[in-house]
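The values are calculated or read from the model by the stated rules, or taken from the named source; none is laboratory data. Keep in mind that what you see is a predicted model, and the values were worked out from it rather than measured. Here the Cβ is made from the backbone with ideal geometry for all residues, glycine too, and neighbour counts use every protein chain on show. Please note that ligands, DNA and RNA were not included when accessible areas were found on the heavy atoms of the full protein model with its side chains. Shrake-Rupley method; radii C 1.70, N 1.55, O 1.52, S 1.80 Å.
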Amino acid sequence: MRFCIVGLVGALGVLGICYELWAHAYLVSADPPAGASLEASPEKIVLVFSEEIDPNFSSFDLYDAQGQLLQRLSFVTQENRLRVVLTLPKLSNGAYTVAWKVLSSIDGHTTTGVLPLGIGVGSKGALSMEAKLDLLRILVRWGRLLALMTFAGTLVFVQLIAKERFSALRVLWGVAVLFSLSELALYANSVGELNAVWGTRVGMTLSAQIAMLFITGTVWARGGAWSWLGLALSLAAVAAGAWSSHSAAAKDTLALIFEIAHLVTVAIWAGGLLALGLLVREQATSWNGVLVRFSRLALLSVVVLVGSGVYLSFRHVGSLSALWSTDYGRFLLVKLALLTAILAMAALNFRQVRRDFRGEYGRRDLAPLHRRVWGEFFVVVLVLGAASALALSAPPRAGHSSSPAVLVGESDGLRITLIVSSVRVEPAHFAVQLQSRDGRSVTEHVQRVTLEFRHRDGLGAVSAFAEPTSAGDFALHGLYLSVAGQWEITVRVRLSDRAEDIITIFEVQAFR
Ligand code: HEM
């Protein structure tokens, strides 16, 4: 009963964090910048995204000031599909909007947004971006990981630890197929095109896993060599998940190998715990052989999964502060916190197995071990929840090019555009453009422009004056984003005809 309550609270906690999840392929910069009012119609627009996009499932539409669709723009991708060059038709004076929908080819998430532009007039509206939050997809992924991994892990247990028949295997197989098909359907739905099933990396990964599950289901029960084939296929289905992971997207072979080792050892451990929990209840065989063999396999699995996890964390998180200042980092912290609880229970079990399980013994001796096995399993279930959310959030270290970030804000009728030349922890150029609502540049009344930099973790604030430049904007250069993490940049504009300063606050994520 206590485990169920802990389990429930934990699950709700993971769900709560999921709700925070933010966009994957988000727009890092645009040239011409969002909200710009240009003298002449530009030939092209260059957009830079934080993650590589899938051009087959991305689109860019041009609208006029009345919201009429003018045309779907043709585009080419460059730089590992992080950079998109849109070709524009010759446009007459007016306000226009480019509305985009991009599919991140890494984890298959869709982001939409609009980019306003003015030709000869001020643009309408401000840059906006939105990522469809797919909480249902996170939950279904959780279910799929749980069923698939415990199914494969139980097959390992049956083949290597205790030659027992588990009626639960059929149930696990059925649930794994069901959740895999559901995630595939949800994914195709989120992309909005059926051919995402075979035309995208995520679609192909899920389809391959389902095919391997079906073959496993038909061959495993035949016994003998077929069981070994079934076992190998089920582990291959688990390992296949690495193909659409962040490690694959980072094109890092070592990370990919560690990701596969991580997934397979998680399956062996989680499935083994479930099988042991079910087996102990059934009182079927003498325990010493089974418990000693399983605790050895479990120990090996834990060492490999923690080791691979540490490497993957370094590879994808990149800095200590990103652990608590990014969603990805926070999910990882949840995993690590839960893992300590599991390891505490596992250590007690390991010690009891080494101490007590030499020769035959009675049922009562098993009770504490049995409870802890189920305790471990329950917390592993929670970790899988955090892992599903982790896999669907943007790793702090992925794809962040050092190209400019463009932020647009409006306050008191003044549009303030802040262009940061690089969001990496390095000296950068900060340009502030001031425009009235109708897009006219505002410089004549400006007495002073101050930029204040404050790190979210309260590392103290730094402020500096931005100098007027010949280009009509105000600029500052230097190492102001001095550590990785979330920064607040406050732009304070002092105008000669106003008593109060006009203030706009921008948020920027800085990366190593
Ligand atoms: C009970 C222990 C653990 C379980 C059950 C577990 C489970 C998982 C699963 C299922 C995934 C893949 C998620 C997916 O593709 O949907 C994953 C990924 C990951 N795990 Fe673990 N893990 C555990 C422990 C750890 C530890 C100890 C660390 C770090 C020290 C870690 C770091 C990671 C990282 C960084 C990834 C993400 C890789 C990516 O972004 O593609 N895990 N884990």
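Odds and ends about this structure:
- Of all accessible heavy-atom area on the stretch 124-391, the percent that carbon and sulfur account for (1.4 Å): 69 percent
- Calculated P(r) of the stretch 405-510 - Cα pairs past 19 Å, %: 38 percent
- Set of the stretch 45-62 residues, backbone N closer than 14 Å to the point 7 Å along the Cα-Cβ line of Val85: 45-48
- The label point for Leu299 and the one for Asp61, both projected 7 Å from the Cα toward the Cβ, are 6.2 nm apart.
- Positive-end residue of Ala188, Trp228, Phe151, charge dipole of the stretch 150-243 with Cβ unit charges: Trp228
- Accessible-area value, Thr77, 1.4 Å probe, nucleic acids and ligands omitted, Å²: 50 Å²
- Estimated translational diffusion coefficient (Stokes-Einstein, Kirkwood radius over Cα pairs, 10 °C, 1.306 mPa s) of the stretch 124-391: 81 µm² per second.
- The length gained by stretching the chain between Arg371 and Asn93 to full extension, at 0.36 nm per residue less their Cα-Cα distance, is 92.8 nm.
- Estimated from the Cβ-Cβ distance and a Förster radius of 25 angstrom, the FRET efficiency linking Trp228 and Val306 is about 0.35.
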